[in-house]
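A quick write-up on the structure given underneath.
The values are calculated or read from the model by the stated rules, or taken from the named source; none is laboratory data. No experiment lies behind these values; they were computed from the predicted model shown. Virtual Cβ from ideal backbone geometry, glycine too; neighbours counted across all protein chains shown.
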Amino acid sequence: MTTESARREMNGTADGPALTDAPGWRRWGGGREGPDWFRIAAAWTVVALVFIEAVLAFRLGFLLAAANTANGFVALVYDISAPLAAPFEGILAASKVGSSGAFEPSILVAMLAYLAAAGLWLTLVWAGLTTREEATRFASASARAGR
């Protein structure tokens, strides 16, 4: 059985409708379906994660380079990232880089923690949307496809 035929079987008959054709539900990658609110929440979660990771990466880069805090952009990045980095300060000791730069490994810890939190949130919501019947059909169709 091919992957495509396994996916069709998981979604009902080979030529029949998907798991649900109810309004407010859409298909996304891998044959999964879900309500529109999940797609929107997932998209905003990813947008927020990218923003947080970018701000923390800029903070780390500016600290390493000992950027001028009088610069407006540098000050803005420090102001936005301070509350994001604060819970993780002191986890690992900072070290001096060059004559005036600093490496704060706690920022890397913060970046990993936010990544893990976003991944866990998306996984829990996605898992909550999957019914036992969907999971069973998907597992049996995948097993027959040789995965």
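Of everything in the stretch 132-147 that's at pLDDT 70 or above, part of a helix (DSSP H, G or I) and in contact with a helix residue (DSSP H, G or I) (Cβ under 7 Å, 6 or more places away or on another chain), which residue is surrounded by the most Cβ atoms within 10 Å (Cβ to Cβ)?
Only one residue tops the list, namely A141.
Can you tell me which residue within the stretch 100-129, out of those that are among the small types (G, A, S) and in contact (Cβ under 8 Å) with a residue 12 or more places away in the chain, is surrounded by the fewest Cβ atoms within 10 Å (Cβ to Cβ)? Talk me through it step by step, then tell me what you get.
The initial filter retains those residues of the stretch 100-129 that are among the small types (G, A, S), namely 100-102, 106, 110, 113, 116-119, 127-128.
Narrowing further to those that are in contact (Cβ under 8 Å) with a residue 12 or more places away in the chain: 100-102, 106, 110, 113, 118.
Details: S100: 9, G101: 14, A102: 15, S106: 20, A110: 24, A113: 15, A118: 18.
Looking at the filtered set, the residue picked out is S100.
Which residue pairs have Cβ atoms closer than 6 Å, lie 6 or more positions apart in sequence or on different chains, and pair a first residue in the stretch 39-63 that is under 13 Å from A82 (Cβ atoms) with a second residue that is among the small types (G, A, S) and surrounded by 12 or more Cβ atoms within 10 Å (Cβ to Cβ)?
V55/S81; L56/S81; L56/A110; R59/S81; L63/A102
Of the residues V46, V77, only one is surrounded by fewer than 17 Cβ atoms within 10 Å (Cβ to Cβ), modelled with pLDDT of 90 or more and out of contact with any Asp or Glu (no Cβ under 7 Å at 6 or more places or on another chain); which?
Numbers: V77 fails: surrounded by fewer than 17 Cβ atoms within 10 Å (Cβ to Cβ).
One residue alone meets the criteria, V46.
Select from the stretch 83-95 the residues that are modelled with pLDDT of 95 or more and out of contact with any Leu (no Cβ under 7 Å at 6 or more places or on another chain) and list them in ascending order.
Matches in the stretch 83-95: P83 only.
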